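The values are calculated or read from the model by the stated rules, or taken from the named source; none is laboratory data. Values in this document were obtained by computation on a predicted structure and should not be read as measured data. Cβ sites come from the backbone with ideal geometry, for glycine too, and all protein chains shown count toward neighbours.
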Amino acid sequence: MNYGEELAYSYLRLNGFFPLQNFVVHRHGGNELRSDVDVLAVRPPLVYEEIGGQEGDWDNFVAAQVPLDRILGVICEVKTGAFTAEDLFARRNLIAATQRLGLLASAACEAAADNLMEAPMLQLQDGTIFKLLVSEEPSDGPYLNRTLDDIRAFLRSRIERYAHEKFASRHFFPSDLLQDTISAVARSPSRRLAERR
């Protein structure tokens, strides 16, 4: 994963999702290119962790945009540089991603992808599938958008809330970037000064 994908993966993980990185979309013949979805993730409605997985720990943006009381599937694309609308959420990738999420019967995934081409989310009987673009700059389109700075700020605030626990467990997180962020936040001069008081 590149740094943007690592940040997106950690963001989803710390918002109660079970993420899968670089979901491969295979060729099906013809001139199709191999492709991938940067992060694909599922979130059940009753997610809970004693450290960092309680109701007040989720990003307010996510909580305001999607119904956390339903099963969620997210199709996340990450762009760390310039891009065009055509670069985002290809129909073939949406079909493969909705099939892999397992929230719909395979026969319904083409229609779901067609709906997702035009809208940021699709309400299902038992859940919701939504598209998330993570980008350097804010972007408008038929998707939810978080900037990399939004995600960095969320990660830092979450780590600050549980600094002692996160620092003690930092090496168990699979992302080197997240481990470094935990170390930097937990060892920041302002945090050390606050702990001395």
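Things worth noting here:
- A Cβ distance below 7 Å, combined with a sequence gap of six or more or placement on separate chains, defines the contacts here; from the stretch 161-176, residues that are free of Cβ contacts under 8 Å to residues at least 24 places away in the same chain and closer than 18 Å to L7 by Cα reach residues that are part of a helix (DSSP H, G or I) and not hydroxyl-bearing (S, T, Y) in the pairs F167/I182; F167/A186; R170/Q179; R170/I182; H171/Q179.
- Applying the condition of being within 29 Å of E55 (Cα to Cα) and surrounded by fewer than 16 Cβ atoms within 10 Å (Cβ to Cβ) to the stretch 1-19 and asking which residue is modelled with the lowest pLDDT yields Y3.
- When the test is whether a residue is modelled with pLDDT of 95 or more, under 16 Å from Q21 (Cα atoms) and under 16 Å from the mean Cα position of the chain (by Cα), V42 passes it.
- Restricting the stretch 51-65 to residues that are touching a Lys or Arg at 6+ places or on another chain (Cβ under 9 Å) and aliphatic (A, V, I, L, M) leaves a set whose member that is surrounded by the fewest Cβ atoms within 10 Å (Cβ to Cβ) is I51.
- The stretch 180-191, residues that are at pLDDT 85 or above and buried (at least 17 other Cβ atoms within 10 Å of the Cβ): T181, I182, V185
- Residue that is surrounded by the fewest Cβ atoms within 10 Å (Cβ to Cβ) [pool: residues in the stretch 89-110 that are under 15 Å from the mean Cα position of the chain (by Cα) and on the phi < 0 side of the Ramachandran plot]: L101
- Test: G81 is in contact (Cβ under 8 Å) with a residue 40 or more places away in the chain and exposed (fewer than 12 other Cβ atoms within 10 Å of the Cβ): yes
- The C-beta contact set for the stretch 98-125 (first residue free of Cβ contacts under 8 Å to residues at least 12 places away in the same chain, second residue surrounded by fewer than 16 Cβ atoms within 10 Å (Cβ to Cβ) and small (G, A, S), distance under 9 angstrom, 6+ apart or interchain) comprises Q99/S106.
- Scanning the stretch 153-177 for residues that are closer than 18 Å to P19 by Cα and either modelled with pLDDT under 90 or surrounded by fewer than 15 Cβ atoms within 10 Å (Cβ to Cβ) (or both) turns up F172, F173, P174, S175, D176, L177.
- Checked across the stretch 50-66, the condition of being without any contact (Cβ under 8 Å) to a residue 40 or more places away in the chain, of a type outside the set (S, T, N, Q), under 16 Å from L144 (Cβ atoms) and in contact with a strand residue (DSSP E or B) (Cβ under 9 Å, 6 or more places away or on another chain) holds for no residue.
- Among all positions in the stretch 117-137, there is at least one residue which is part of a helix (DSSP H, G or I), surrounded by fewer than 16 Cβ atoms within 10 Å (Cβ to Cβ) and over 14 Å from the mean Cα position of the chain (by Cα).
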